[in-house]
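Remarks on the structure that follows.
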Amino acid sequence: MGKRFYRVAAPLVRLFIPRVTVSWDVPFDGESCVFICNHERAMGPLEMALNFPLREDSYIWIFADPLHRETVPAYVRQDHWWNEKGPLAPLWNVVIPPVVALLLPPILRSVPHVPVYHDARAATTVRESLRLLQSGKNLVIFPEIPTGFGEHEQEKINEGWLSMLSLYERRYGRPLKVWPVHLDLPGRQLRVRPPFTLDGTRPWNEQIPELTRKVLDGIFGA
């Protein structure tokens, strides 16, 4: 199926999702970079994969679990796909995971992506990401932490990817820019905000609180 499925299905799916206007606070400089975006349930990934103008050259970080049929059910149950307190929760818990396990993996695998691992294979994610960046591609990362059905942490993000900024600068001798993207779904806008970089004169882990603030302000700020 592969990328052929993505190219055939993308125009069809595009008909059923909101068409957004993309605006840039500052002009894009064409350098390989990381785009970070708010999730807005499934709409953030859909808009970045289907309507973002740089989608052909941008690879989305996707958790490895939903890429494989065997690991999808556990992933769906722990990722708050339905209201666990709702009256139909027991039914959804039985019905939804196996259905999603059949449909989701081939769709996700057809999208340009980097599998994200949280075990010993995490180094594979970093290596592949650095290789793509060096080859002129971009990465798209959704750093939010889900806390419930349709809810995400508002003051914290997944921070592991920030180490890649330091690795990239040490390996290639130049900073890696991070461009925050805010999806305003009611306003049907994707707003790309000015980029920021790591301060190469300071340890990267010392900068985590301020980098986190920049990420949150960029993907959520008014």
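The values are calculated or read from the model by the stated rules, or taken from the named source; none is laboratory data. Just so it is clear, the structure is predicted and the values come from calculations on it, not from any experiment. FYI the Cβ positions are ideal-geometry reconstructions off the backbone, even for glycines, and counts take in every protein chain you see.
Does T71 satisfy the criteria of being at pLDDT 90 or above, surrounded by 13 or more Cβ atoms within 10 Å (Cβ to Cβ) and touching a helix residue (DSSP H, G or I) at 6+ places or on another chain (Cβ under 9 Å)? Break it down into steps so the answer makes sense when it comes.
Numbers: at pLDDT 90 or above: yes; surrounded by 13 or more Cβ atoms within 10 Å (Cβ to Cβ): yes; touching a helix residue (DSSP H, G or I) at 6+ places or on another chain (Cβ under 9 Å): yes.
Judged against the criteria, T71 is a match.
Does at least one position in region 96-116 carry a residue that is surrounded by 16 or more Cβ atoms within 10 Å (Cβ to Cβ), at pLDDT below 90 and part of a loop (DSSP other than H, G, I, E, B)?
Scanning region 96-116, I find no residue that is surrounded by 16 or more Cβ atoms within 10 Å (Cβ to Cβ), at pLDDT below 90 and part of a loop (DSSP other than H, G, I, E, B), so the answer is no.
Out of the residues in region 36-68 that are touching a Phe, Trp or Tyr at 6+ places or on another chain (Cβ under 7 Å) and assigned to a loop (DSSP other than H, G, I, E, B), which is surrounded by the most Cβ atoms within 10 Å (Cβ to Cβ)?
Checked region 36-68; the qualifying residue surrounded by the most Cβ atoms within 10 Å (Cβ to Cβ) is N38.
Counting just the residues of region 165-207 that are surrounded by 14 or more Cβ atoms within 10 Å (Cβ to Cβ) and more than 23 Å from S32 (Cβ to Cβ), which one comes out modelled with the lowest pLDDT?
L185
All but one of (1) surrounded by 13 or more Cβ atoms within 10 Å (Cβ to Cβ); (2) part of a loop (DSSP other than H, G, I, E, B) hold for E128; which doesn't?
(2)
What is the one condition in (1) more than 24 Å from G187 (Cβ to Cβ); (2) part of a strand (DSSP E or B); (3) touching a residue at least 60 places away in the same chain (Cβ under 8 Å) that V22 does not satisfy?
Condition not satisfied by V22: (1).
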